[in-house]
Amino acid sequence: MLESDTSCAGLPALGYRGYDLNIVDSILVFLDPALVGPYRLIESWSGHPMAAWWAGTFVLALWAVALGHATIYLARVINGSFLEQSSAEARELSNKSMDALKSGDKEAYKAINSLANDSFGKSFFQQVAVSAGSLWPAFLGAAWLEARFGDIRFAVPWMENGINFVPPYLICYIAARIIWGRAKRTFVTSVHPEMR
Amino acid sequence: MSKRILLFFLAVSFLFSGAAIAQTQQAAPPAQAPASVKPEASIPPGYILPDMSAKVKAAIEKSFKSEQFAAKTREVIKTDQKPAYLGIPGAPSPNLILGFLWAVWVGWIFSTVGAFGGIMAGVGHISIFGLGQYASSFGKDHPLNKLTTDSIRVGNQWLVGLSAIISSFNYYKMGRLVLPLGMCLAIGSVVGAWLIPDLTAGKINLKAYIGYFGIVVLAVGFVLLKETLPTGQAKKKKAKEAAAAFEKQIKQGGKSSEGVNIIEGKWGLMIVAAAAVVASALWNSLVPGFKWVAYVLAFGGLVLSFFLGTTRFSFYGVEFEYKSYLPVIGGLIISAISAFIGVGGGFLYVPYLTSVAGLPMHIVAGTSALAVLISMISSIFAYMVSKGVVVQWSFILAELVGIFVGSIIGPRTSKYISDKWLKRIFIVLAAYVGIGYILRGFAGIRIPGI
């Protein structure tokens, strides 16, 4: 499976198959040798294309996670105070509504809860938008995988046509995030709590 | 221990609900059989190109099996032109720079007004890049219309759903979760995710999709309008006054213990109802025949949920109660909307649970985070099982980067424009876009820019 794909010179199905190369395609062409490197290296070591595919995709996922974290770090440096301010406001209102509840003042609770709702909505969507910053490299990885391995299928019981590269890539990406998180907790935040 | 089992059960049920949606999409009949089915001996040259994905090739091949569809394929696909979107010759070629700039605008809205950003992302996919118009030019029930519509919908799902998952995960980590509430949302969501798309399969094409999308846009505009009207403003003012008065009155005491305690809830019946709907989803996705069994199980589960009565729990020592069927109905409607329109849907849980069920934000944040998490798993499954709906990754990438940039700019500009004015701008926009889509989707009338 893997041999036929990796032996192609350049990317077999770049961009959307017949497009003029856009900026993302150009980036993919530039990155291709580095991204396909681990696949080829592991394949030459192990002689097992499937193992090489999984390992290579995991390395790709690790790159995506690392780049995503770097982007979020950048966002915190630039906009951390704004984000903290809005989430602190939501938190404060939420706590106040709980205080109102504890004191048995249902009217005050309802009023403050509605303000907390507004404030939470704003803070929530701010975080959603910022989280896009941690995800963009995952899609760069997906675009590259589509171009290089878009047509391969993985056999799965019950499913006649198997699945494409997306589910295995997701598994690798989730695993990479978990490992990254644990490593960060162990080696970074335990020593420098301010880097949390 | 029992909580863990229930959590596991919830997760599994959602997982299968996702598989069910996907299976529905996969198994959905493409259309009613066209009047005259006369397969063409061979497909004329130029329509299928070697670089097209298998799914696009299959859709074109399928269209040539019917005279009516083949005529449309010949009319819309311009074989003398360059391949563009999905590799189809003569299709629109979405501009990545335009996509990026539009996404900056979406990110800016996300970080200033909120939920309307998801809708604006959808507007981009439908109107700004010309994909919606291209899809509908193939006409009703055409395989390429469905393919392009799916591509737009899944694009939306990835964009909004995936970016929501990480931030909602942070809220989930707060651990504020009312399990029976999550369970009831699950019962509704499992059914809504497969049954509603299933019952309407083949009846919804892009034209109708645009119309429904318009209704959602108008509804959001209406909610914004209500907030800026004198009555809405007065309500907000009153709430602020009450908050201030309470703040004066209360002396901040020590922190009390937190946590949810379930006082009353029919666990046994709830588990039976959840098992029935999960079985319905499983049956629908795995068993090829006897579909009526899946319908009976789904409706059975829903009917049972109406006998769950009232669930009572305490939080901070204060008692809350809600009718258990309310989150079931909410989950049903919200998951159906998400499945159709691909606008995420997760953000709908928060206002639903606070306004309709009257629950405090602390709890709603955690519970809705779980719902967002699971609805994402659903859409991933949908994507997996439906043999890979074609998604243009580079485009989503450009949009994510744009949203991120917009979200950095947003908070820095919001101090120059008041909240009220921002909302007014969006009301006008929502009214124009909403009415435009409704007219286009249901009456075939087009207004400029839509």
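Assuming R0 = 41 Å, what is the FRET efficiency of B:Ser314 and B:Ile445, from their Cβ-Cβ distance, to the nearest 0.05? Show your work: numbers first, answer last.
Numbers: r = 54 Å, r/R0 = 1.33.
After rounding, the FRET efficiency stands at 0.15.
With a 1.4 Å probe and every protein chain left in place, tell me how much accessible area A:His48 has, in Å² to the nearest 10.
Accessible area of A:His48: about 100 Å².
How would A:Thr186, B:Thr228 line up by accessible area, probe 1.4 Å, largest first? Please report the intermediate quantities before stating the final value.
Details: A:Thr186 85, B:Thr228 15 Å².
Ranking A:Thr186, B:Thr228 by accessible area, largest first, yields A:Thr186, B:Thr228.
How well do other chains shield peptide B:405-413, expressed as the mean number of their Cβ atoms within 10 Å of each residue Cβ?
On the way: counts 3, 2, 13, 8, 1, 6, 10, 3, 0.
Going residue by residue through B:405-413 and averaging, the value is 5.
Normalised by the residues of the range A:102-189, what does the relative contact order come to in percent, with Cα pairs under 8 Å and at least six apart? Intermediate results must be reported in sequence, preceding the final value.
Values: 25 pairs, mean separation 13.2, N = 88.
This gives 15 percent for the range A:102-189.
Could you run the numbers on buried accessible area between A and B, total for both chains, 1.4 angstrom probe, in Å² to the nearest 100? Before the final figure, lay out the partial values.
Numbers: alone 12690 and 21670 Å², together 28020 Å².
Buried: approximately 6300 Å² between B and A.
For B:Val178, enumerate residues with amide H under 5 Å from its amide H, sequence gap 5+ or separate chain, H modeled in the peptide plane.
B:Thr367
On each of the three principal axes of the Cα atoms of the range A:76-193, give max minus min coordinate, whole Å, ordered largest first.
Its Cα atoms span 61, 40, 25 Å along the three principal axes.
Given a 1.4 Å probe and the protein chains all in place, what does the accessible area of B:Lys266 round to, in Å² to the nearest 10?
Surface open to solvent at B:Lys266 totals about 100 Å².
Taking 30 Å as R0, compute the FRET efficiency from the Cβ-Cβ separation of A:Ile171 and A:Gln85 and round it to 0.05. Before the final figure, lay out each step's value.
Values: r = 37 Å, r/R0 = 1.24.
It comes out at approximately 0.20.
Structure shown: which of B:Lys226/B:Lys266; A:Lys102/B:Lys423; A:Lys122/B:Lys266; A:Lys110/B:Lys226 lie over 27 Å apart, alpha-carbon to alpha-carbon? Working shown, then result.
Values: B:Lys226/B:Lys266 38 Å; A:Lys102/B:Lys423 34 Å; A:Lys122/B:Lys266 35 Å; A:Lys110/B:Lys226 18 Å.
From the list (B:Lys226/B:Lys266; A:Lys102/B:Lys423; A:Lys122/B:Lys266; A:Lys110/B:Lys226), the Cα-Cα distance tops 27 Å for B:Lys226/B:Lys266; A:Lys102/B:Lys423; A:Lys122/B:Lys266.
Could you list which residues have their amide H under 5 Å from that of B:Tyr322, counting only those 5 or more apart in sequence or on another chain, with H placed in the peptide plane?
It is B:Thr311, by chain and number.
Using a 1.4 Å probe on the protein heavy atoms only, what accessible surface does A:Ser81 show? Give it in Å² to the nearest 10.
Estimated to the nearest 10 Å², A:Ser81 gives 80 Å².
Calculate the mean, over all residues of peptide A:101-107, of how many other protein chain Cβ atoms lie within 10 angstrom of the residue's Cβ.
Values: counts 8, 7, 6, 1, 5, 1, 5.
Across A:101-107, the average partner-chain Cβ count within 10 Å equals 5.
The values are calculated or read from the model by the stated rules, or taken from the named source; none is laboratory data. Keep in mind it's a predicted model, so treat the numbers as computed, not measured. Because the Cβ atoms are built from the backbone with ideal geometry, glycine has one as well, and the counts that use them run over all protein chains shown. Just the protein is used for accessible areas: all its heavy atoms, side chains included, with ligands, DNA and RNA removed. Shrake-Rupley method; radii C 1.70, N 1.55, O 1.52, S 1.80 Å.
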